[in-house]
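Computed from the coordinates by the stated procedures, all read-outs in this text should not be read as laboratory data. These numbers were taken from a predicted model, which means no experiment stands behind them. FYI the Cβ positions are ideal-geometry reconstructions off the backbone, even for glycines, and counts take in every protein chain you see.
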Amino acid sequence: MNVLRRSLREALRQAPWGLLLFSLAGCARNEPLEVRLAELQERKIWRAEVEVFAPDEYRAYCAQLRRAKDALIENDGKFFPFRDDEAVTGKFKQVLARGDEIQTLIARRRTAQEAGIAERLAAERDRIDRLDVLTTVISVGRSSREFLAKAELLVDEAESLAERRRFPDAEERLKRAATFTQIAKEVMTPALKRFVDQEQISLWRRKVDETIRESKLRGGYAIVVSKVDRQLYLYKAGRLVRTYEVGLGSRSISDKLYAGDRATPEGKYRVTKKVPRSRYFKALLLNYPNEEDRRQFALAKRRGAIPRRAGIGGLIEIHGGGKDGQTLGCVALDDHQMEEIYALADVNTPVTIVGARDYENSVTQAMRGL
Amino acid sequence: MKGFVKYLSAGISVMLMAALLVGCAKPPTQEMDAAKVAMDTAIGAGAEKYAKEGLKSLNDAWAAAQDEIKKQEGKLFKNYDNAKAMIAKITADAAALKAETEKKKEEAKQAAIADQAAAQAAVAQAKALLAEAPTGKGTKADIDAMKADLAGIEASVAEIGTLISSEEFFAATDKAKAISAKAADISAQVQAAIEKAPKGKKKK
């Protein structure tokens, strides 16, 4: 009992030493500088949108940082002679090195993504522009333009998002835009087929060649209108002397079949009358409908392809009023140009209106690469 | 005998200190639970979208507090005072973040609603101008094209409302701004077409 009492007394006497010993074991120490640097680096990497540009690498980096922090905690918990500060610092140095690599990777991927999205934006805009040109050259109906408008809107959104570096959102908008562009293309492609059809263009070319040949043989003027290019070509003695931009019927994609279809007729015609005071400045009246037009009209009526009460129509002219104007099927020019043609053309001047004069036309050009 | 007493007393001394100091402090689990609830509430309010930076700071602070607890758990002299202070700050910061998130979300919502109204007004203006634009023979062919364009844009206006309803306020703003710009562009083109249109020429 005495021994125990003496031992307790001695223990209380030595308690301060014991306290000192525990203090040394657990006292707070300054963390290695690398720990703070790693924390700052992680923050910097996160701000650089690592989750967008290198999510997998970031996850691996965070796990590595976690392991280093755990090692630091474990090391701090050890009795001081058993601590290995160098090993812990080494782990943080490895984290810092990996972090530097990730920053380089982010910069590289960001540049690549920016360039990639800029390229895709430009490509999509090009597709939309090409299709837009087609809708303005040849009226292909409202729906295709509606789809194009939606696509353009999404491309605008994508561009604005890309400027703010919201690349995933920009990509999503671009994908949706591409879908609308594709729909617009599919809507208009059937209507545009005949303007890229080699056989059809050969037929048109033959008519054009015949008209030019006639002009050459007679030494007089001849007029050729290419609907797809919206051009009127004036020939004299087989030589092209003038080219004019023209306005056509609002449904100029089709050949005229009946009155009120707003289409400009295609075929070989002649000037039947010169009208000096037309509602649209001056006019050259054409002999529409010709024999071929009548045959096609009768055929379409038999097939039920046109309204039962529809008439074949007439009064198709080349007139003034402005090339920007839409017509009911006539060919319209600016007044000062109409003045020139009116003065040069005579009654019986051949006028050939075709869908396209050349294999290489606005439609084939716009369709290429779509 | 004297030596034995000395060793025994030293041993007892160490054990006493250890018994006194080890385990007398406990991890602040209740405070941690409260902090976690506060953080989850901030996330639920939309902090991931509207206060990303603040949430990141909060998550980092949470990890630091966890590290501090781990550190103390490995010590003989456990002292969770620092961890408690850290967790208390997290709880307070989370509450502030929730308030900030709600404020930013409301701002985004109001901005989206204002942009939606602006887009609707821009489309309505373009529509009114298109209605005034001359039609039929002798008018600009572009007018028809613009009408189709506007129809496409108008269909997209409804999407702004859908985005606002689903609380996609930034996306709603993006769409509304794109629509406004496009509609304004159409209005300018129609205006130019009206000004250029030949006066007094009516379709037969």
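Using a simple spin-label model with pseudo-atoms 7 Å out from Cα toward Cβ, B:Lys56 and A:Thr189 lie 4.5 nm apart. Using only Cα atoms, tell me the angle between helix A:2-26 and the longest principal axis of chain A; keep it within 0 to 90° and round to the nearest 10. The helix A:2-26 is inclined about 30 degrees to chain A.
Quote to one decimal, in nm, the extra length available between A:Ala112 and A:Leu240 on full extension: 0.36 nm per residue of separation minus the C-alpha distance between them. Please report the intermediate quantities before stating the final value.
Details: separation 128, 0.36 × 128 = 46.08 nm, distance 5.10 nm.
Value of the extension gain: 41.0 nm.
Rounded to the nearest 0.05, the FRET efficiency derived from the C-beta distance between B:Asn79 and A:Asp56 at R0 = 60 Å is 0.95. Candidate cross-link partners of A:Lys323 among the aspartates and glutamates, defined by an alpha-carbon separation under 15 Å and a same-chain spacing of 8 or more, comprise A:Asp229, A:Glu245, A:Asp334, A:Asp335, A:Glu339, A:Glu340, B:Asp142.
What is the extension gain from A:Glu340 to A:Leu40, computed as 0.36 nm multiplied by their sequence separation minus the C-alpha to C-alpha distance, in nm to one decimal? Walk me through the intermediate numbers first.
Working: separation 300, 0.36 × 300 = 108.00 nm, distance 7.81 nm.
100.2 nm is the gain from fully extending A:Glu340 to A:Leu40.
Defining a contact as two alpha carbons under 8 Å apart and six or more residues distant in sequence, what relative contact order in percent does chain A show?
Values: 561 pairs, mean separation 54.3, N = 370.
That works out to 15 percent.
For A:Arg242, neighbours were defined as the other residues whose beta-carbon sits under 10 Å from its Cβ, and their charges (Lys and Arg +1, Asp and Glu -1) total 0. Annotation for the stretch A:301-348: trypsin sites (Lys or Arg not before Pro) lying in DSSP loop with at most 16 further Cβ atoms inside 10 Å of their Cβ are A:Arg308, A:Arg309.
Once you average over the residues of A:327-334, how many Cβ atoms of partner chains fall within 10 Å of each Cβ?
Working: counts 6, 5, 1, 1, 0, 3, 0, 0.
For peptide A:327-334, the averaged partner shielding equals 2.
For the stretch B:22-111, GluC sites (Glu not before Pro) are listed when DSSP marks them as loop and at most 13 other Cβ atoms sit within 10 Å of their Cβ; the list is empty. A simple count of charges around A:Thr272, restricted to other residues whose Cβ falls under 12 Å of its Cβ and scoring Lys, Arg +1 and Asp, Glu -1, yields +1.
Of the trypsin sites (Lys or Arg not before Pro) in the stretch A:53-123, the ones in a loop by DSSP (not H, G, I, E or B) with at most 16 other beta carbons within 10 Å are A:Lys78, A:Arg83.
When the helix-only estimate is applied to chain A (DSSP H runs of n ≥ 4, each -39,500 (n - 2.57), divided by the residue count), what is the mean residue ellipticity at 222 nm, nearest 500 deg cm²/dmol? Each step should come with its number before you reach the end.
On the way: 11 runs with 222 residues, N = 370.
Taking each H run of at least 4 residues, the total per residue is -20500 deg cm²/dmol.
Listed by chain and number, the aspartates and glutamates placed with their C-alpha closer than 14 angstrom to that of B:Lys26 are B:Glu68, B:Glu73, B:Asp81; residues fewer than eight positions away on the same chain are left out. Taking the Cβ-Cβ separation of A:Lys93 and B:Glu106 as r and a Förster radius of 41 Å, what is the calculated FRET efficiency to the nearest 0.05? Efficiency computed from Cβ-Cβ geometry: 0.35.
Multiplying the residue separation of A:Gln365 and A:Arg47 by 0.36 nm and subtracting their alpha-carbon distance yields 109.9 nm.
Rounded to the nearest 0.05, the FRET efficiency derived from the C-beta distance between A:Thr104 and A:Ser202 at R0 = 56 Å is 0.40. Of the residues B:Ala148, B:Gln125, B:Tyr80, the one whose Cα sits farthest towards the positive end of the charge dipole of the stretch B:64-148 is B:Tyr80 (charges of +1 on Lys and Arg Cβ, -1 on Asp and Glu Cβ, taken about the Cα centre). Look at where the Cα atoms of the stretch A:338-370 and of the stretch A:206-258 average out, and the two centres are 5 Å apart. Given +1 at the Cβ of Lys and Arg, -1 at the Cβ of Asp and Glu and no other charges, the dipole of chain A around its Cα centre is 1080 debye to the nearest 20.
In this structure, the residue pairs whose Cα-Cα separation is over 28 Å, taken from A:Lys193/A:Lys274; A:Lys193/A:Lys301; B:Lys103/B:Lys127, are A:Lys193/A:Lys274; B:Lys103/B:Lys127.
The equivalent ellipsoid of the protein assembly as shown has semi-axes of 87, 23, 16 Å, largest first, where each one is the square root of 5 times an eigenvalue of the Cα gyration tensor.
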